[in-house]
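> Okay, handing you the structure first.
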Amino acid sequence: MRNYIQYNANQHNEVMIAIPALGERKEMYAALAEALPEVQIVAIDLPGHNGLLDAEFSFQSYSKTIMAVMNELNMIEAHFVGNSIGAWMIQHFYTNYPSAVKSLTLLDGGHYFHGQYELDEDIEIQLPIIERLEDLQEAVREEVKNMEIASAKHQQYLYDYFIGNFVKAKNGYCHHSMEQALNDLAKAVDQHNYCLEEEIPIPVLLLLADQQQDAMFYQKLMKFQERQPAAKINIIPNGFHFLPLTNPQEVAGWIGQTIL
């Protein structure tokens with residue numbers, strides 16, 4: 001199975017590499033690509049996700065995977081966007097391959113050292129197996145309902161995407177990702193600071209979901225502004241953590257204004 005997908009493949013003036021959130025699939029960028037028809041978006045699955053049987057689940061090996069995809073597609077440089085853990089991933093990639101990066105867009109993540117605020121080494125991610133399709137469908141419907149998305153078309157899109165996160169197995173429906181991959185990557189972002197500590201000479205855009213604010217929200221934001229004073233920062237109204245899925249139009253608008 002190919003680990004990347006090209007959206008708007010006939011567009012060559014502007015190309016964006018898109019990295020998903022932990023536990024999500026490259027297809028989470030389909031709606032954003034539709035909202036940015038002038039941009040070719042190459043979304044790359046995280047290791048151990050979407051049926052990929054990788055042997056290593058690290059930031060270091062994944063940076064090499066991204067570069068291998070760029071080489072395969074004859075890309076010298078690209079814009080980069082990452083959601084949640086993907087926002088830390090693209091900063092790590094910039095550290096290793098700065099000349100390949102035209103801009104960074106961080107979507108509800110990447111603006112603080114995760115381990116400084118949310119470290120919990122005792123928690124292991126355990127993926128459920130759902131025996132009945134009806135139970136899975138009901139759980140997904142409830143998740144989408146709680147987001148209070150107005151558009152029926154958008155609700156159906158989210159439902160279809162989240163259902164696609166599960167695959168049929170012998171004893172029910174299981175998540176598409178590997179537990180070891182989830183735990184290795186989650187521990188890595190807790191144990192290592194992948195934030196860029198020095199101001200960088202390319203455009204940086206940080207988009208945050210207003211529905212995900214915690215008690216340390218503004219402290220994290222202030223420290224990010226100290227590190228990247230030229231960065232553009234915007235809070236998306238009615239925004240949820242998976243911004244490319246839930247708020248693709250708003251994300252596309254800010255990318256169009258700020259990066260492209």
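The values are calculated or read from the model by the stated rules, or taken from the named source; none is laboratory data. No experiment lies behind these values; they were computed from the predicted model shown. Cβ sites come from the backbone with ideal geometry, for glycine too, and all protein chains shown count toward neighbours. What goes into the accessible areas is simple: the full protein's heavy atoms, side chains included, and nothing from ligands, DNA or RNA. Shrake-Rupley method; radii C 1.70, N 1.55, O 1.52, S 1.80 Å.
> Only one of (1) closer than 24 Å to residue 245 by Cβ; (2) not in a strand (DSSP E or B) fails for residue 167. Which number is that?
Unmet condition: (2).
> Sort out which residues of segment 59-84 are open to solvent by 20 Å² or more (accessible area, probe 1.4 Å) and closer than 16 Å to residue 95 by Cβ, and write them in order of number.
Matches in segment 59-84: 60, 61, 64, 65, 67, 77.
> Being assigned to a helix (DSSP H, G or I) and either open to solvent by 60 Å² or more (accessible area, probe 1.4 Å) or aromatic (Phe, Trp, Tyr) (or both) is the filter here; which residues of segment 125-142 pass it?
So in segment 125-142, the residues assigned to a helix (DSSP H, G or I) come out as 133-142.
Residues satisfying the conditions are 133, 134, 135, 138, 141, 142.
> In segment 30-38, is there at least one residue being in a loop (DSSP other than H, G, I, E, B), open to solvent by 50 Å² or more (accessible area, probe 1.4 Å) and not polar (S, T, N, Q)?
The answer is yes; a qualifying residue exists.
> Could you list, in sequence order, the residues of segment 143-202 that are open to solvent by 70 Å² or more (accessible area, probe 1.4 Å) and on the phi > 0 side of the Ramachandran plot?
Hit for segment 143-202 is 148, nothing else.
> Which pairs turn up if I take residues in segment 174-187 that are part of a loop (DSSP other than H, G, I, E, B) and look for partners that are among the basic types (Lys, Arg) with beta carbon separation below 8 Å, at least 6 apart in sequence or on another chain?
176/25
Residue-wise test of (1) over 21 Å from residue 257 (Cα atoms); (2) without any contact (Cβ under 8 Å) to a residue 12 or more places away in the chain; (3) touching a helix residue (DSSP H, G or I) at 6+ places or on another chain (Cβ under 6 Å).
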{"site": "20", "(1), (2), (3)": "yes, no, yes"}
{"site": "52", "(1), (2), (3)": "yes, no, no"}
{"site": "62", "(1), (2), (3)": "yes, no, no"}
{"site": "68", "(1), (2), (3)": "yes, yes, no"}
{"site": "75", "(1), (2), (3)": "yes, no, no"}
{"site": "99", "(1), (2), (3)": "yes, no, no"}
